[in-house]
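Chemist: Provided herewith is a single structure, encoded as structure tokens, for subsequent inquiry.
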Amino acid sequence: MEFAAFADRARAIEETDGDLAVVAAVADLFAAADDDLETLARFVQGRAFPAWDDRKLDVGPSLCHEALARAAGPNVTADDVEDRLADVGEIGAVAASLDLDGQQGLSAFGAGGGDDLSVADVHEAFVAIATASGSGSAGAKADHLFGLFNRASSAEARYIARLVLGEMRIGVGDGTVRDAIAAAFLADDESVEKNEEEDDGEDDDGAQLTLSELGEDADAVEDDETEAFERPPEDAVTAVERALQVSNDAGRVAAVARDAGRDGLGNVHLEVGRPVGAMLAQAGAITDAVEAWDAVAVETKYDGARVQVHHDPGGETRLFSRNMEDVTDALPEIVEFVADRVDVPVILDGEALAVDDDGDPLPFQRVLERFRRKHDVARARESVAMELRAFDCLHHDGEDLLDAPLSERQARLETVLSEGVSESFVTTDADEIGEFEVEVLDEGHEGIMLKDPESTYSAGKRGQEWLKRKPDVETLDVVVTGAEWGEGRRANVFGTFEVGVHVAERDTAAEDGSEYATVGKVATGITDAELDALTERLREHVATEDGQTVRFEPAVVFEVGYEEIQTSPTYDSGYALRFPRYVAVREDKSPDDADSLERVERLASE
Ligand code: AMP
């Protein structure tokens, strides 16, 4: 395909309103793409290379501006390009506004004739730009890019500039590409007939489903389109989606769908060495997980960096970041760890964390000293050690496991590695999860992950099946009003603290007339040393003592975290903090400055 034809279609797509109309236009493009299908399936999303591919154009704005200015002739400088960019705000519009054609005419004249730029030419130039490396690479990249702009019309330059800077933005996302592939190549016979009937036949460029013309009027397009273009069948979309997840390569999936249909897509498999999109988590509460699933798989959330391990015992072990960058060379000890222990091909998902000499986790800043490091790796390794905590197994010895439930993937993981695996257990008990969270936080980890044991691995997706429960963002400052003595070995220190909020001027004060209304009992999140110090300190404020139970004069303010605030008949405030957790003593606050019942009411109703 001529690049000019792609540029025209890209412009039409950009100006199209309505999701379905965009899918139709992209499907049309794919159907007309012939040999350029793989490239075009990437270009529409602004990608020069497949998502899994580590190659990068590495063209910054100034290099692009320079190349554009050169192609626009002696009267235009890179500063002019930048001035225009400041005016119009978008590099494509700047490129399209430059008079490249005059120069193109001159050079074409010099070269003895015009030559049209094809999609394949642009792809080839991108490969050359990406492979230029070492000293002088900036100059080589600039020359290649200048060469492209020099051959391009203004309309073509709009999309070349956007592609090289990764700013395509024509409104085509992953879902559009997926649906367009399904619509272009997998629509069932019935829908082909339907569309042929409705197609006027005048503009038949081989697409099974055409949107005829996109039309000027967006509303009209939406109306027309619903008649002429039907959403591709669900099962076709699912087949494409699966192949996209597995291969991470829209170009290849489009080509397989066209050339081998649904059966072909079913044969797209994971490849050891080719990274897969990482499954992502949403923020969520313990109660959400317990209510939503039959059981909850609970794991430590490590404060490290995501790492996908691709291990081929007969070949290499490679590590990829969450963005699918190859980070193998930065983390040799993780490579060695896996290579020494695993003798079947596997793809594992996990976290790389920094640890001290005792194996305790170090803060995330230390992870950054190692992750992605290109130089002085050996020296950095001496100052910060990295360890793997694998938590998933996506491929095991020739078998793809993306569609297997988490419980099975974890079982496989255990057969692969007996150490370096994330701590995890399955439960239905919310309190048990709350207790585990406190332990994990005390050990210095970031928090916990809650996962549905039945869930499959949705590569590259942020779903409801993985919930990240980080320590509370919101905390309350509460007055310590009472305590229970501990038991056994801990009988001489307080074990549980009753905490309350300020009732202020309200007449709904606590029943006993005190100024503070109880909102919960805090027993977790306090280290032994802190407990000793708190006991010492609160002892002098004891007002009454009755068996195990002590009441204090208001004196000390705790900052406490919690998961949510529930209405509850248990305490005189009418509210209870769910999973309250000690954070610190607010030395700067007196009991009068503690949070009020009003604030609790407000937070509870949010
Ligand atoms: P966030 O970066 O806050 O969105 O949290 C999700 C990230 O937590 C993942 O991308 C992983 O890098 C990290 N993580 C740490 N431990 C786990 C675990 N056990 N399961 C899944 N992700 C984890």
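Chemist: Applying the Karplus parametrisation 6.51 cos²θ - 1.76 cosθ + 1.60 with θ = phi - 60° to the phi angles of the range 79-88, what ³J(HN,Hα) value in whole Hz is obtained for each residue in order, glycine and proline being reported as x?
Modeler: Result, ordered by residue: 4, 4, 4, 5, 4, 5, 4, 4, 6, 9 Hz.
Chemist: Using a cut-off of 9 Å between beta-carbons, work out the net charge of the residues near L476 (Lys and Arg +1, Asp and Glu -1, L476 not included).
Modeler: Net charge in that neighbourhood comes out at -3.
Chemist: Also, quick follow-up: What is the packing order of peptides 567-578, 270-281, taking the mean over residues of other C-beta atoms within 10 Å and listing the highest first?
Modeler: In decreasing order of mean packing, 567-578, 270-281 become 270-281, 567-578.
Chemist: Using a/c under 1.5 as the rounded threshold, could you call the chain rounded, prolate or oblate? The axes a ≥ b ≥ c are square roots of the C-alpha gyration tensor eigenvalues, and prolate needs a/b larger than b/c, oblate otherwise.
Modeler: prolate
Chemist: I would also like to ask the following. Carbon and sulfur atoms: what percent of the 1.4 Å accessible area of the range 55-162 do they account for?
Modeler: 51 percent
Chemist: Return the sequence-ordered ³J(HN,Hα) values of the range 142-157 in whole Hz as given by the Karplus equation 6.51 cos²θ - 1.76 cosθ + 1.60 applied to θ = phi - 60°, using x for Gly and Pro.
Modeler: 4, 5, 4, 5, 4, x, 5, 4, 5, 8, 8, 7, 4, 5, 6, 4
Chemist: In the structure displayed, which of K374/K451; K56/K461; K468/K589; K141/K374; K374/K468 lie more than 26 Å apart, Cα to Cα?
Modeler: In this structure, K374/K451; K468/K589; K374/K468 exceed 26 Å between Cα atoms.
Chemist: Packing-wise, with mean Cβ within 10 Å as the measure, how do 86-92, 139-145 rank, highest first?
Modeler: Put in order of decreasing packing, that is 139-145, 86-92.
Chemist: A further question on this structure: Amide H to amide H under 5 Å from Y575: which residues, 5+ apart in sequence or cross-chain, H placed 1.01 Å off N in plane?
Modeler: S568
Chemist: Additional query: Let me know the shape class of the range 280-469, please: from the alpha-carbon gyration tensor, a ≥ b ≥ c as square roots of the eigenvalues, rounded when a/c is under 1.5, otherwise prolate if a/b is greater than b/c, or oblate.
Modeler: oblate
Chemist: Take the alpha carbon atoms of the range 224-282, find their center, do the same for the range 298-362, and report the distance between the two centers in whole angstrom.
Modeler: Cα centres, the range 224-282 to the range 298-362: 28 Å.
Chemist: Find the Cα radius of gyration of the range 474-605, compare it with 2.2 N^0.38 Å by division, and give the number to two decimals.
Modeler: After normalising by residue count via 2.2 N^0.38 Å, the value is 0.98.
Chemist: How do the peptides 22-34, 255-267 rank, highest first, by the average count of neighbouring beta carbon atoms within 10 Å per residue?
Modeler: By packing density, highest mean first, the sequence is 22-34, 255-267.
The values are calculated or read from the model by the stated rules, or taken from the named source; none is laboratory data. For clarity, every value in this text was computed on a predicted model and none was experimentally measured. No Cβ is skipped: glycine too gets one built from the backbone with ideal geometry, and neighbour counts run over all protein chains shown. Keep in mind that these areas ignore ligands, DNA and RNA; they rest on the heavy atoms of the full protein, side chains included. Shrake-Rupley method; radii C 1.70, N 1.55, O 1.52, S 1.80 Å.
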